[in-house]
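Everything below concerns the one structure shown next.
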Amino acid sequence: MSTTTQRPTAADSRTTSKAARVLGDRRLPVLVTAGLFLVMYAVGLSRYQNYGFAEAQVFLNLFIDNSYLLVAAVGATFVILSGGIDLSVGSVIGFTTMFTAWLVERQGLPIVVVIPMALAVGAFGGFLMGYVIQNFEIQPFIVTLAGLFLFRGLCLVISKESISIGDSSVSSMAQTQVSLGGAFLSIGAIVALVVLAAAFYVLHYTRFGRRVYAIGGNEQSALLMGLPQGGTKIAVYTMSGFCSALAGLLFTLYIQSGDPLHATGMELDAIAAVVIGGTLLTGGSGYVIGTLFGVLVLGLIKSLIQFEGTLSSWWTKIATGVLLCAFILIQRAMTSRRKT
């Protein structure tokens, strides 16, 4: 009895080609994240409509309550796009809250003087880590892990106890609101959106941004093309340190205190937001707009849990873990498709 093999038809080939194009599209993870956010928001509208979820302020609160995370995640986006990692983000944020509270409350310095000092310390810390990574050829994981312990230890050197900020200028700045009709945004949310817009411009419309993508995509190829690899890497970590310090200042305004344990583990939240936003952990592919949607998705999960009222806040971590696994699988499928 003879057997015949069935050859693929033209329709099968077109279907396979179409699937390959979809998986090979660099915008796919961002579109998936944006779609996920819209679906989650629609679920919230239908389920909690009688509880005020449809109010414009509820949506704007996603930016207000996560402004510091958005700024930190923007800095982490630059690092991950370049093929690196920064584990010191949370500790730099915590140190900035302590440093700011100590200078304002214990030393009596005005907040307008403290702000540039805090930003300079954060940027300098990022510069040192980038310098060590580039010139001593040590893995970013190890160097930034050392930075994590260093800045967390410096928090305890300043004070082992929480320092509340009662300065009137800090309170006035924290309570400043930008009216948007019947709703408002805080000064922290405005700063976060400005940082996002600046990062978008730098990544997509400047030579520096193109170098970041090139180094993250293929470091050896970027080196052969004569791109300033060392300077770009150091600049990326300097930028991450600056963004972490700025996130720390926004976090200080949000809670109006400094504490050695503030922002513990926030570096993982920032990395999660970046990955959920579609940036490849291996570097070279991703969009800062995706990071925005990643932060909004994490913030929306918290909001939905709060509106539900019967779920523990730990469900936020569980949902984040599930989303991370899903988006890592998407990234794996995309990278495998590009290699074939």
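The values are calculated or read from the model by the stated rules, or taken from the named source; none is laboratory data. Since we're looking at a predicted model, the values are computed, not measured. Cβ atoms come from the backbone with ideal geometry, glycine included; neighbour counts cover every protein chain shown. Side chains are part of the model used for accessible areas, which takes the heavy atoms of the whole protein and leaves out ligands, DNA and RNA. Shrake-Rupley method; radii C 1.70, N 1.55, O 1.52, S 1.80 Å.
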How large is the convex hull of the Cα atoms of the range 176-219 per residue, expressed in Å³ as a whole number?
-> 81 Å³
Using the Karplus equation 6.51 cos²θ - 1.76 cosθ + 1.60 (θ = phi - 60°), what ³J(HN,Hα) coupling, rounded to whole Hz, does each residue of the range 189-200 give in order, writing x for Gly and Pro?
-> 5, 4, 4, 4, 5, 5, 4, 4, 5, 5, 5, 4
Enumerate the aspartates and glutamates that LYS160 could reach by cross-link, defined here as Cα to Cα under 14 Å, with residues fewer than 8 away along the same chain left out.
-> ASP259
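How high is the FRET efficiency from GLN220 to VAL39, r the C-beta distance, R0 41 Å, rounded to 0.05?
Efficiency computed from Cβ-Cβ geometry: 0.50.
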Percentage of Cα-Cα pair distances in the range 198-340 greater than 22 Å, rounded to whole percent?
-> 51 percent
Taking Cα atoms, how many degrees apart are the long axis of helix 288-308 and the longest axis of the chain, rounded to 10 and kept between 0 and 90?
-> 70 degrees
Any chance you could give the angle, 0 to 90 degrees and rounded to 10, that helix 89-101 forms with the longest Cα principal axis of the chain?
-> 20 degrees
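When the expected Rg is taken as 2.2 N^0.38 Å, what fraction or multiple of it is the alpha-carbon Rg of the range 46-180? Present the calculation step by step, with values, prior to reporting the outcome.
Working: Rg = 18.4 Å, N = 135, 2.2 N^0.38 = 14.2 Å.
Cα Rg divided by the expected 2.2 N^0.38 Å: 1.30.
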For TYR254, tell me the accessible area in Å² from a 1.4 Å probe, rounded to the nearest 10.
-> 110 Å²
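Pop the C-beta distance of GLU161 and PHE59 into the FRET formula with R0 = 51 Å and round what comes out to the nearest 0.05.
On the way: r = 37 Å, r/R0 = 0.73.
So the FRET efficiency works out to roughly 0.85.
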Can you check how the C-alpha radius of gyration of the chain compares to 2.2 N^0.38 Å, as a plain ratio?
-> 1.10
What accessible area, in Å² to the nearest ten, does a 1.4 Å probe give for ASP167?
-> 50 Å²
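Using only the heavy atoms of the protein chains and a 1.4 Å probe, how would TRP314, TRP102 rank by accessible area, largest first? Don't jump to the answer; show the numbers that get you there.
Details: TRP314 175, TRP102 80 Å².
The ordering from most to least exposed comes out as TRP314, TRP102.
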Measure nothing but the geometry: give the 0 to 90° angle between the long axis through the Cα atoms of 207-217 and the longest principal axis through the Cα atoms of the chain, rounded to 10°.
-> 60 degrees
Per residue of the range 222-238, in order, report the coupling 6.51 cos²θ - 1.76 cosθ + 1.60 (Karplus, θ = phi - 60°) as ³J(HN,Hα) in whole Hz, putting x for Gly and Pro.
-> 4, 5, 5, 7, x, 6, x, 5, x, x, 5, 4, 4, 5, 5, 6, 4
Over the chain, give the accessible area per residue in Å² for a 1.4 Å probe, as an integer.
-> 49 Å²
Ignoring everything but the protein chains, give the 1.4 Å probe accessible area of LYS233 in square angstrom, nearest 10.
-> 40 Å²
Separation between Cα centres of the range 315-329 and the range 35-56, rounded to whole Å = 20 Å
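Quick one: Cα convex hull volume of the range 81-157, Å³ per residue?
With only Cα atoms used, the range 81-157 gives 88 Å³ per residue.
Report, to the nearest whole %, how much of the accessible area of the chain belongs to carbon and sulfur atoms, 1.4 Å probe, protein only. List each step's numbers first, then the result.
Details: 10770 of 16810 Å².
Ligands and nucleic acids excluded, carbon and sulfur give 64 percent.
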Here the range 258-340 gives, from Cα atoms, an Rg and Dmax in Å of 14.7, 51
What is the calculated FRET efficiency for ASN50 to LEU268, with r their C-beta to C-beta distance and R₀ = 35 Å, to the nearest 0.05?
-> 0.50
Where labels lie 7 Å past Cα in the beta-carbon direction, separation of VAL202 and ARG27 in nm = 2.5 nm
Mean residue ellipticity (222 nm) of the chain, computed from DSSP H runs ≥ 4 via -39,500 (n - 2.57), nearest 500 | -24000 deg cm²/dmol
Specify which residue in the list ALA214, VAL178, SER162 is farthest towards the positive end of the charge dipole of the range 127-250, using unit charges on the beta carbon of Lys, Arg (+1) and Asp, Glu (-1), about the Cα centre.
-> ALA214
Comparing GLY283, GLY309, GLY94 in a Gaussian network model of the chain (Cα, 10 Å), the one with the largest mean-square fluctuation is GLY309
